[in-house]
């Protein structure tokens, strides 16, 4: 198939990262190949009709061997993303997006196509979709949180993230929407998981998506190893315990000084 061998060179870093996360999730046997049965549950969440999806599969599996490799999967994912955006042509399929920050990432949600069709009938109505956090970004955002949380409180404040959010390239309106979504009580701080989600949503905005009205943590973290997520929460809880112990010790010392001075 034309340009199949060098498709990796045409992908943006965001596409490559996202596609690899999904491929690795589906390739449970680690054979570097996927059959239709491996992909069917994912395809059903694309909101695209079966006839069209079968056509996509035949396009990438032109030899009809029944399986596709990682490069073919990249093409298939880009086809789905472009089709969902209503912009699938031969030119856009093989467009070089290696330096593009706004690739047409595919969205996998059971109601995707239905919701998009409804939105098309409403003028000026934007579409809000979310895709899962990938493990590499999870690690990156977690590391960023740890750097910001210098006092090991288990939280970052709106002041601590002001520069990062402000330099993200996302509008102030979207930043405010993200913050309000994750801090509904207006505590002016975010725990680790909410911070990771905030950075993920900022990345989505940079990719052309809109801020959702609500989030589902289970869906957002579906590609994160449960042990990895558990460890992140344990580290946060441990930091909180240490912080509390330090405060208690300080209070005890103050009380002792006051008592001795009497």
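The values are calculated or read from the model by the stated rules, or taken from the named source; none is laboratory data. Quick caveat, the model's predicted, so the values are computed rather than measured. Backbone-built Cβ (ideal geometry, glycine too); neighbour counts: all protein chains shown.
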Residue tally, condition touching a strand residue (DSSP E or B) at 6+ places or on another chain (Cβ under 9 Å) and either farther than 15 Å from residue 165 by Cα or crowded, with 22+ Cβ neighbours inside 10 Å (or both), over the stretch 197-211: 1
Filtered residue count, the stretch 44-88, keeping only those that are within 19 Å of residue 15 (Cβ to Cβ) and either touching a strand residue (DSSP E or B) at 6+ places or on another chain (Cβ under 8 Å) or without any contact (Cβ under 8 Å) to a residue 12 or more places away in the chain (or both): 7
Where a residue in the stretch 159-177 is on the phi > 0 side of the Ramachandran plot and its partner, wherever it lies, is modelled with pLDDT under 85, with Cβ under 7 Å and at least six apart: 169/206
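So that you can scan it fast, the table gives a plain yes or no per residue for (1) at pLDDT below 90; (2) surrounded by 12 or more Cβ atoms within 10 Å (Cβ to Cβ); (3) assigned by TED's automatic domain parsing to the domain that holds residue 92; (4) within 24 Å of residue 89 (Cβ to Cβ):
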residue	(1), (2), (3), (4)
18	yes, yes, yes, yes
21	yes, yes, yes, no
27	yes, yes, yes, no
34	no, yes, yes, no
39	yes, yes, yes, yes
44	yes, yes, yes, no
50	yes, no, yes, yes
71	no, yes, yes, yes
78	yes, yes, yes, yes
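Counting residues that are modelled with pLDDT under 85 and under 27 Å from residue 107 (Cβ atoms), which helices (runs of 4 or more DSSP H) fully inside the stretch 132-233 reach at least 3?
Values: elements: 135-148, 162-166, 172-182, 192-206, 217-220.
Those helices (runs of 4 or more DSSP H) span 135-148, 192-206.
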